[in-house]
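Asks: Quick one: structure below, then a few questions.
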Amino acid sequence: MQISVRIGDMLREPADLAVLATFEGAPLPAAVDELLEPGDFAGKAKQSLLLYPRGAAAPRRLLLLGLGKPGALAADGVRQAAALAAQKAQDLKADTFALALPADLSLSPASAGQAFAEGAELGLYRFLRYKTSPSESADVTAATLFVGADAEAFQAGVAVGQAVSGGVSLARDLANGPGNEITPTALGEAALALGQRHGFSVTVLDRAQLTEQGFHGILAVGQGSAQEPRFIVMEHGSAAEGTPTICLVGKGITFDTGGISIKPAANMEDMKMDMGGAAAVLGAMQAVGALGLPLHVVGIICSAENMPSATAYKPGDVIKTLSGKTIEVINTDAEGRIVLADGLFYAQRYNPAAIVDLATLTGAIMVALGPHAIGMMGTSQELADRLSTAGEAAAERVWQLPLWDEYRDMMKSDIADLKNTGGRFGGAITAGGFLSAFVGDHPWVHLDIAGTAWVDRATRPYYTRGATGMGVRLLVELLRGYVG
Ligand code: BES
Ligand code: MN
Ligand code: ZN
């Protein structure tokens, strides 16, 4: 979509659809007020009213959109308004729309421009790759944001928002994609394509190379599948004086049947999204490449398909991971932590300033936080605080859980160094405790996105049922916080 910023009075410019976003109780322009009966539109959050000005204003259609109470508008208010506006344009078969925000936003022009672009792009996201008859709705091709001043700062924000939404859409496409197409091999190819496009280096290890180099966690989880596992490393920038190295590690289980500890049939189809962490890392790397961030960012993906078969790993098996530490398998459905053990240990070789892993790791985090927050645990409060701040700004919020030694102790095995499950209680935290054994002394935070990477119904205007791309906006916001 072409997104431009203009200074001027939207109501004086011709448009297929003009959207006037206003705070609750704010006076409307006289020309608009005359079209209304008193009390028809109060500007309450998510309230909308479509008007046909018929010459009273230049646009053919005018949508009034409520933003709720003044002052309360964070960036997500703009993002949601832009998504609703874009969807209205789509519904009305208008190929362009304009939107005007109140002048008294308590938001920087760059943040508002970014949120506008993200909302407009993500609000129109649909996963149509497998629909064989063309969709009826035409594409919205252009949007204009009308502002009072600072057009350049808004436009710079728009460019960031478009880079970010490109990454989010990539992540959504990958996580919505079916397991028969989005295999570990396909994730490797997606990473190679990104490297080509943005000029960063990519390494993809196949089964033979994983065997040679001792990635027995990833190998064990993948050994029951006809699909070969993959270990993927994308490296943007390079380690240099004053340039921090940040490692992003994603769980890439392209389908999780549970393995020999097989899952029930109901909703198992959703387990194609068990590579949501990997998708977020790929989406973030795409945005980092597009933005050319002056950082050393290493994207690491641990990918396998978890299947039951004659060759599958079994409860009771003991695995010697890349780190040398051994894991007793209690439940083959706790596979994410096993593949991540190799990836987290590998990340240490970069001597990173931060390691952040993202994983659809536990059903327990869905029980604890539902679909509205990412579960967070870690070994560095400084890094956790950065993620909390970034999560608020990006509206991909995180909520921290404790990671005390008692939880780590719950993962000790009688016969190996660790076991892969710690019982029902505190299941999201004990999973984090398990992971902490593989990060050494490096600042590390674990993000459990099992509850947020996929929604059964759109909980925000810029989501659709299915993959949310959770983590991309959060990661880009975190990374931009390290710049300058
Ligand atoms: N991929 C699942 C977690 C999950 C559940 C993600 C629902 C998204 C939605 C993970 O591999 C898993 O199966 N975890 C088990 C761990 C248990 C066996 C200790 C779980 O949470 O039940
Ligand atoms: Mn599982
Ligand atoms: Zn899983």
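Every number here is computed from the coordinates shown, using simple stated rules; none is lab data. Keep in mind that what you see is a predicted model, and the values were worked out from it rather than measured. Note that we place each Cβ from the backbone using ideal geometry, even for glycine, and neighbour counts take in every protein chain shown.
Asks: Sort the following peptides by mean Cβ neighbour count (other Cβ atoms within 10 Å, averaged over residues), highest first: 95-105, 467-477.
Replies: Going by the mean number of other Cβ atoms within 10 Å, highest first, we get 467-477, 95-105.
Asks: Taking 8 Å as the Cα distance limit and 6 or more residues as the minimum spacing, I'd like the relative contact order of the range 2-147 as a percentage.
Replies: After rounding, I find 33 percent.
Asks: In whole Å, what three semi-axes, largest first, describe the equivalent ellipsoid of the range 2-147 built from its Cα gyration tensor (square root of 5 times each eigenvalue)?
Replies: That gives 24, 18, 14 Å for the three semi-axes.
Asks: Per the helix-only calculation at 222 nm, which mean residue ellipticity applies to the chain, given -39500 (n - 2.57) for every DSSP H run of n ≥ 4 and division by its residues, nearest 500 deg cm²/dmol?
Replies: Dividing the helical sum by the residues of the chain leaves -10500 deg cm²/dmol.
Asks: Order 156-168, 268-280, 111-123 from most to least packed using the mean count of other Cβ atoms within 10 Å.
Replies: 111-123, 268-280, 156-168
Asks: Same structure, new question: Taking amide H atoms as placed 1.01 Å from N in the peptide plane, list the residues 5 or more away in sequence, or in a different chain, whose amide H sits under 5 Å from that of Lys263.
Replies: Residues meeting the criterion, in which the H sits 1.01 Å from N, are Gly258.
Asks: Using alpha carbons only, how many angstrom separate the centre of the range 104-175 from the centre of the range 266-291?
Replies: Result: 19 Å between the Cα centres.
Asks: Fewest to most neighbouring Cβ within 10 Å: what's the order for Trp444, Trp399, Trp404, Trp454?
Replies: Lowest count first: Trp404, Trp399, Trp454, Trp444.
Asks: A follow-up question, please. Would you list Ile262, Ile429, Ile218 from fewest to most Cβ contacts within 10 Å?
Replies: With the fewest neighbours first, Ile262, Ile429, Ile218 line up as Ile262, Ile429, Ile218.
Asks: Read phi for every residue in the range 446-461 and hand back ³J(HN,Hα) as whole Hz from Karplus 6.51 cos²θ - 1.76 cosθ + 1.60, θ = phi - 60°, with x for Gly and Pro.
Replies: Along the range 446-461, the couplings run 9, 10, 8, 9, 4, x, 10, 6, 9, 10, 6, 9, 5, 8, 9, x Hz.
Asks: Another question about this same structure. What are the trypsin sites (Lys or Arg not before Pro) within the range 89-187 that DSSP puts in a loop, where the Cβ has at most 15 other Cβ atoms within 10 Å?
Replies: Those satisfying the criteria are Lys93, Arg126, Arg129, Lys131.
Asks: When the distances between all Cα atoms of the range 165-480 are binned every 20 Å from zero, what whole-number percent does each bin get?
Replies: 38, 60, 2
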